[in-house]
Amino acid sequence: MTWAAGSLRIEPLGVSHDRQAFDCGVASLNRYLREQSSQDMRRAMVRVFVAVPVDQDARILGFFTLSAATITTVDLPPELARRLPRYPVPAALIGRLAVDQSVAGQGVGSLLLAAAVGKARLAAETVAMMAMVVDPIDEAARGFYAAFGFCSLLGLEQRMFLMLPCSGRPSS
């Protein structure tokens, strides 16, 4: 089965969502969703979004987090860095993205990533940001992001980035 965009909703994590039933197979991500996510949201450290089936409001199929970040130009590929100022580039960070094991391989991860990029593009109309940044948890995650055009940064961190379209030019 493949989940189509109309068969699930992406919404902010709320008290009605069943966090305990979520299991992506990675203990640290499960623990984050269950124990840490609410505190991080209250402190305005992240925004957490969940994918839920339209007919099962409480069931979490997957989640992602978004927050602000920067990229130093020395970590960008030289051909890109030379066109940018020498101070940190504003970006949006997908800190975590996970899919419940029961729906793995059914397109939920792709829909979550598309929603995250869409939210960043929308935010970039108000607050300047040039890129999305991700911290892949392992090589499988790195491959997932690479399939959608994310490239490795040059620094010591394992971060990857995707440039957002430049739509913030002032109109005359």
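The values are calculated or read from the model by the stated rules, or taken from the named source; none is laboratory data. This one's a predicted model, so the numbers in the text were calculated from it and none came from an experiment. Don't worry about glycine lacking a Cβ; one is built from the backbone with ideal geometry, like all the others, and counts go over all protein chains shown.
What the table below lists for this structure:
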read-out: Pair list, Cβ < 8 Å and 6+ apart or interchain, from the range 105-122 residues that are among the hydroxyl-bearing types (Ser, Thr, Tyr) to residues that are surrounded by fewer than 20 Cβ atoms within 10 Å (Cβ to Cβ); value: SER110/PHE148
read-out: Matching option when the condition is more than 17 Å from the chain's Cα centre (by Cα), surrounded by 13 or more Cβ atoms within 10 Å (Cβ to Cβ) and without any contact (Cβ under 8 Å) to a residue 40 or more places away in the chain, among THR73, THR65; value: THR73
read-out: Identity of the residue in the range 124-134, surrounded by 10 or more Cβ atoms within 10 Å (Cβ to Cβ) and of a type in the set (Val, Ile, Thr), that ends up modelled with the lowest pLDDT; value: VAL127
read-out: Of all residues in the range 34-55 being in contact (Cβ under 8 Å) with a residue 24 or more places away in the chain and part of a helix (DSSP H, G or I), the one that is surrounded by the most Cβ atoms within 10 Å (Cβ to Cβ); value: SER37
read-out: Residue check for ALA98: surrounded by fewer than 21 Cβ atoms within 10 Å (Cβ to Cβ), farther than 17 Å from PHE161 by Cα and among the small types (Gly, Ala, Ser); value: no
read-out: Candidate set: the range 93-143, residues that are in contact with a Pro (Cβ under 8 Å, 6 or more places away or on another chain) and not hydrophobic (A, V, I, L, M, F, W, C); chosen: the one nearest to ASN30 (Cα to Cα); value: ARG142
read-out: Near pairs, Cβ below 8 angstrom, 6+ apart or cross-chain, from the range 10-33 (among the acidic types (Asp, Glu)) to any residue that is assigned to a strand (DSSP E or B); value: GLU11/PHE49; GLU11/VAL50; GLU11/VAL52; ASP18/ARG59
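Results for (1) in a loop (DSSP other than H, G, I, E, B); (2) modelled with pLDDT of 90 or more, shown as yes or no for each residue.
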residue: LYS119; (1), (2): no, yes
residue: LEU122; (1), (2): no, yes
residue: PRO136; (1), (2): yes, yes
residue: PHE144; (1), (2): no, yes
residue: GLN158; (1), (2): yes, no
residue: PRO165; (1), (2): yes, no
